[in-house]
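This report concerns only the one structure given below.
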Amino acid sequence: MDCSISNEDLVCAIDEEKYNFFCNTLDFGMEHTIDLKIFENKETYNQIIQVCANIFKEDIQRITHFTNDPYCGIAAIDIPEGSIFNKKVNSVYGAAVAMGIFGNIGNPNIDSINKMPFSIYSASHENAKLLNSKDLVQYPPEVKLGFHNDGLFQGKQIHIPKNIMVYNMYINYRKPGNFKWAPLAAWEEAEKYERLLNEKLVKIRITPNFYFDKEGNINNTFVDTVEVPICRINEEGEASFFLNGNVLAQDNGLELADIVNSMRDSISENPNNILIAQKERRAFYLKNDFGFHARDIFEEPIEDADLTRVFIRAVDINAKSYYSY
Ligand SMILES: [Fe+2]
């Protein structure tokens, strides 16, 4: 496929009639009963996946057509709001569409904290202040998040999930910028960095995921630091990458840190990268082992609310085994 495809062509919009039909078919009820907690029940989620398979068959085919292409690897959908529902009901049914479609593409890992098939990321001015006051570095919407791929940590094993889904439930910025995708197959300098980094152990400070527990304590649900290769080439000559977190000169020496930094620059400057605008109720589907993703800084927060952004992220347990450390 021609990778010069216009980026908005990778987004398909679900029509409102189909969405209303989906909500009525599930019929979870209105505002007093419906909640994201419906996803704690495996049977309910399976039902959502089945209903999605029937109602959104063409949308699922369109998404996988793009994500299975190594020169593309990403697609997005816009989920409408049904005018017969209020905001809260719409937000749960929106997540049901995004996750129902994901369940037809991958098999989501159950989040260890919320016991649901996705993690919830909720950023607010209040949380940001709290983390800053404790000198904890995190990645709120207003901080740049550079190109990386997502890993799945199980014990001391890193796996690279095949599919990922990120769904913007709520964005309280006037300029949310773009979601960015760099397809590995279209990265011109890939071979150079594969040669430089193959099997070379690198100390990586993993991008943290801070979580506030019921007592208000802050925990990081990810490991802090790992020492693993950023690139591995298998016997067939195929390269796999685990690019995440910070690689600092103080941990790795200047030379190695410089190579990783220039690799990140090379990925982000590649003319074949794909940009898709961030939008509320837009879900992004990525083939995580086909490339790297990043996002712009979110700019111009709308002042009236403390909450700045809420998104859910699902990762596939169908994953490439990458490395044991
Ligand atoms: Fe990510």
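Coordinate-derived values only; no laboratory data. What you see is a predicted model, and the numbers here were worked out from it, not measured in a lab. Glycine also receives a Cβ, built like all others from the backbone with ideal geometry; neighbour counts cover every protein chain displayed.
Cross-link partners for Lys57 among the aspartates and glutamates, with Cα-Cα distance under 14 Å and sequence neighbours closer than 8 places in the same chain left out: Asp15.
Dividing the helix sum by the residues of the chain, where each DSSP H run of 4 or more adds -39500 (n - 2.57), gives a mean residue ellipticity at 222 nm of -8500 deg cm²/dmol.
Only the Cβ atoms of Lys and Arg (+1) and of Asp and Glu (-1) were treated as charged; on that basis the dipole of the chain about its Cα centre amounts to roughly 540 debye.
Computed from Cα atoms, the angle from the helix 57-67 axis to the main principal axis of the chain rounds to 10 degrees.
For the residue pairs Lys180/Lys320; Lys18/Lys175; Lys144/Lys279; Lys156/Lys279, the alpha carbons lie more than 24 Å apart in Lys18/Lys175; Lys156/Lys279. Shown in residue order for region 151-159 are the 3J(HN,Hα) couplings computed by the Karplus curve 6.51 cos²θ - 1.76 cosθ + 1.60 at θ = phi - 60°: x, 10, 9, 10, x, 9, 10, 9, 10 Hz (x for Gly and Pro). Across region 198-216, the residues whose backbone nitrogen lies under 18 Å from the label position 7 Å along the beta-carbon direction of Leu248 are 202-210. Build a GNM of the chain with springs between Cα atoms under 10 Å apart, and of Ala53, Ala128, Ala249 the one that fluctuates most is Ala249. Highest mean first, the peptides 287-295, 171-179 sorted by other C-beta atoms within 10 Å per residue fall in the order 287-295, 171-179. Annotation: amide H of Cys231 within the under-5 Å range of Glu199, Lys200, Phe242, sequence separation 5 or more or interchain, hydrogens built in the peptide plane. Taking each residue as 0.36 nm, the span from Ser124 to Lys320 lengthens on full extension beyond its C-alpha to C-alpha distance by 67.2 nm.
Of Glu280, Glu236, the sequence from fewest to most neighbouring Cβ atoms within 10 angstrom is Glu236, Glu280.
Based on Cα contacts under 8 Å between residues 6+ apart, the chain shows a relative contact order of 30 percent.
Between the amide H of Val11 and those of Ala76, distances stay under 5 Å, these residues lying 5 or more places away or on another chain, with hydrogens modeled in the peptide plane. By its C-alpha gyration tensor, with a ≥ b ≥ c as the square roots of the eigenvalues, how is region 133-258 shaped: rounded for a/c under 1.5, else prolate for a/b larger than b/c, else oblate? Prolate. Looking at the chain alone, DSSP beta bridges between its own residues are antiparallel in about 95 percent of cases. Each residue in Cys52, Cys231 was given a count of other beta-carbon atoms within 10 angstrom of its own, and listing them fewest first yields Cys231, Cys52.
Couplings for region 225-232, taken from phi via the Karplus curve 6.51 cos²θ - 1.76 cosθ + 1.60 with θ = phi - 60°, read 9, 9, 10, 9, x, 7, 9, 9 Hz in order; Gly and Pro are left as x.
Remark: Trp187, Trp181 ranked as Trp187, Trp181, counting other beta-carbon atoms within 10 Å and listing the fewest first. Our coupling estimate for region 86-98, obtained by passing each phi through the Karplus curve with A = 6.51, B = -1.76, C = 1.60 and θ = phi - 60°, is 7, 3, 5, 5, 4, 6, 6, 5, x, 4, 5, 5, 4 Hz, Gly and Pro reported as x. Bridging of Lys200 to aspartates and glutamates at a Cα separation below 17 Å is possible for Glu191, Glu227, Glu235, Glu238, Asp251, Glu255, Asp258, once same-chain residues fewer than 8 apart are set aside.
Distant-in-sequence amide contacts of Asn209, defined by a placed amide H-H separation under 5 Å and a gap of 5 or more residues or a different chain, comprise Thr221, Phe222. Please find, in a Gaussian network model of the chain (springs between Cα atoms separated by less than 10 Å), the residue of Asp59, Asp304, Asp69 whose mean-square fluctuation is greatest. Of Asp59, Asp304, Asp69, the Gaussian network model singles out Asp304 as fluctuating most. Quick one: what does P(r) look like for the chain with 20 Å bins over all Cα pairs, in whole %? In order of increasing distance, the bins hold 31, 60, 9 percent.
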